[in-house]
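Quick one: the structure is below, and I'll ask about it shortly.
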Amino acid sequence: MAAKILIVEDDPAVVRSLQALLTTEGYEVVATADGAEALHLVEVEKPDLILLDIILPGLNGLQVCQQLRTKVFTPVIMLTAKSDEVDKVLGLEMGADDYVTKPFSARELLARVRAHLRRVQVYEGEKAVRGPLKVGDIVIDEAAHEVTVKGRAVNLTPKEFDLLYVLAANAGRVIERDTLLERVWGESTYLDSRTLDVHIRRLRLKIEEDPSNPHYIITVPGVGYKLFAGPHMAG
């Protein structure tokens, strides 16, 4: 069955271009120019991936993304015509998995779409055979898509969940930044380290008692990150 992609974009020319590109690649496409309608379509159409413009009439893309993340774990790629770093970071902060800046190449967009859909397929195929992963106070249940820290439930976005799982599965070992990007996002060709940094920061805000002095997710300067399950000793 073809993957279904929801396009939320108010520029008709961009919509036509995306529809032509994605249908040629065999995807089923649904489109809307309205943020509120997008929230309705997500419930009705149950898309496998969402391409979401930031600038929309009524509810903007950031607001739509924030509301989506209270309901579904569908991958969201933000579309923005702005090169402002603030817009990209805000999109990730609201729960987006990735972003592309207009104008973008067909090759770049398709690479990101395939990477996110592939991650979903891998997750769906593996969650039934892998049991909960426990590292210290952290318990990750893939089948239920649930995380608890010291018994407290933590609500994570899909990429935050994947990132924590990779770190937990390699607890105590340093994972290089490029490796994390490839393992979690599927392809690192079109990604930059800011995407990883924002997701690490969001994870710390959700699982650490003091995010400014992390106990679990430890930065290894110049290399990457590791998940430390025991008491963290500086130095």
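The values are calculated or read from the model by the stated rules, or taken from the named source; none is laboratory data. Just so you know, these numbers come straight off a predicted model, no measurement behind them. Backbone-built Cβ (ideal geometry, glycine too); neighbour counts: all protein chains shown.
Within the range 114-128, does at least one residue satisfy the condition of being touching a Gly at 6+ places or on another chain (Cβ under 8 Å), in the same structural domain as Val15 (by TED's automatic domain parsing), closer than 26 Å to Glu9 by Cα and modelled with pLDDT under 80? Walk me through how you get there before you give the answer.
Just the residues of the range 114-128 that are touching a Gly at 6+ places or on another chain (Cβ under 8 Å), to begin with: 114-116, 118-119.
With the extra rule that they be in the same structural domain as Val15 (by TED's automatic domain parsing), the set shrinks to 114-116, 118-119.
Still in the list and also closer than 26 Å to Glu9 by Cα: 114-116, 118-119.
After this cut, where a residue has to be modelled with pLDDT under 80 as well, the list is 119.
Within the range 114-128 (the criterion being touching a Gly at 6+ places or on another chain (Cβ under 8 Å), in the same structural domain as Val15 (by TED's automatic domain parsing), closer than 26 Å to Glu9 by Cα and modelled with pLDDT under 80), the answer is yes, since at least one residue qualifies.
To continue, here is another question. Could you please find all residues in the range 28-80 being of a type in the set (Ser, Thr, Tyr) and under 18 Å from the mean Cα position of the chain (by Cα)? Write out each step before concluding.
Residues of the range 28-80 of a type in the set (Ser, Thr, Tyr): 32, 70, 74, 80.
Residues satisfying the conditions are Thr70, Thr74, Thr80.
Check every one of the strands (runs of 3 or more DSSP E) wholly within the range 34-112 and list those with 2 or more residues that are of a type in the set (A, V, I, L, M, F, W, C) and within 19 Å of Trp185 (Cβ to Cβ).
The strands (runs of 3 or more DSSP E) meeting that bar are 49-53, 76-80.
Continuing with this model, one more query. Does at least one position in the range 31-49 carry a residue that is more than 14 Å from Val100 (Cβ to Cβ), in contact with a Phe, Trp or Tyr (Cβ under 9 Å, 6 or more places away or on another chain) and not aliphatic (A, V, I, L, M)?
Yes, some residue in the range 31-49 is more than 14 Å from Val100 (Cβ to Cβ), in contact with a Phe, Trp or Tyr (Cβ under 9 Å, 6 or more places away or on another chain) and not aliphatic (A, V, I, L, M).
Moving on to the next point. Identify, from the list Asp34, Asp48, the residue that is more than 27 Å from Ala143 (Cβ to Cβ), assigned by TED's automatic domain parsing to the domain that holds Ser105, acidic (Asp, Glu) and surrounded by 16 or more Cβ atoms within 10 Å (Cβ to Cβ).
One residue alone meets the criteria, Asp34.
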